[in-house]
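Data block below; observations after.
The values are calculated or read from the model by the stated rules, or taken from the named source; none is laboratory data. Quick caveat: nothing in here was measured; it's all calculated off a predicted structure. Positions of Cβ are backbone-derived with ideal geometry, glycine not excepted, and every protein chain shown enters the neighbour counts.
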C-alpha cells in the first residue's frame, strides 16, 4: 500500500514538473517573440521592429552587407522617410513584369539564406512582392524628383576625370580625356546625384520625429528548471 502511494505521488510530482516545464517554455517562446517584435525605432509614429530589421538584412532590402544591426536600423529609417514621400507624391505604379524581376533580384541576393530568412521572420511571397514594389516606387520617385541625368559643364567633367585617374586607367595607361569623357560624364553625374539625394535625406531627417527606444536585455534561450 505504502509503495503504491509513493508511486502515485511520484507520478503527480512528475506531471507537475512537466507542466511547469511547458509553462516555462511557453513563457520563453513568448519572450523570444516579443524580442523579435521589439520596436527599435519610430519614424513620425511609424514603428520599425526588430523583425523588420532582420528581414531587411536577410533579403538585402537595405544595403547592409557586413553591416551591424544599428546601421541597418538607420537605413530602414531612411527607407521609411522615403516611402512616406512616395506616398505623398505617388509615381506611376510599376508594371507587374518589373515587380517580378525585382522579386527575382531580392531572392537572388538572399541566395541560400532565403528559406531560413522567410521562416524566421514570418515573411511570405506576398511580403516579398510588396518589398519589391516599394523598391521600384522609390526608384521611380527619385527619377521623377531628381531626374535620370544631371547636366554638367565640361569643366566639371574634366575635374572628375583628374580627381579619379584610377577609374580611367586601362593596362597601366591613363586614358586621354577625349577617350574618357563619356564615362567621366556618366560617373560625375552619378556622383552629383548621390550628393543631392544625400542632402535631401538629411533634410527629411531634420524635419522628421525619429525616436529609438532603449534596447531591452535578451530573454533566456532555455526554460529554467528543466
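Just a few scattered comments:
- Applying the condition of being in contact with a helix residue (DSSP H, G or I) (Cβ under 9 Å, 6 or more places away or on another chain) and surrounded by fewer than 16 Cβ atoms within 10 Å (Cβ to Cβ) to segment 157-169 and asking which residue is farthest from residue 138 (Cα to Cα) yields 162.
- You will find that of 97, 64, the residue that is surrounded by 13 or more Cβ atoms within 10 Å (Cβ to Cβ), farther than 22 Å from residue 209 by Cβ and either at pLDDT 90 or above or touching a helix residue (DSSP H, G or I) at 6+ places or on another chain (Cβ under 9 Å) (or both) is 64 and no other.
- Any hit, segment 154-173, residues being at pLDDT 95 or above and touching a strand residue (DSSP E or B) at 6+ places or on another chain (Cβ under 7 Å): yes
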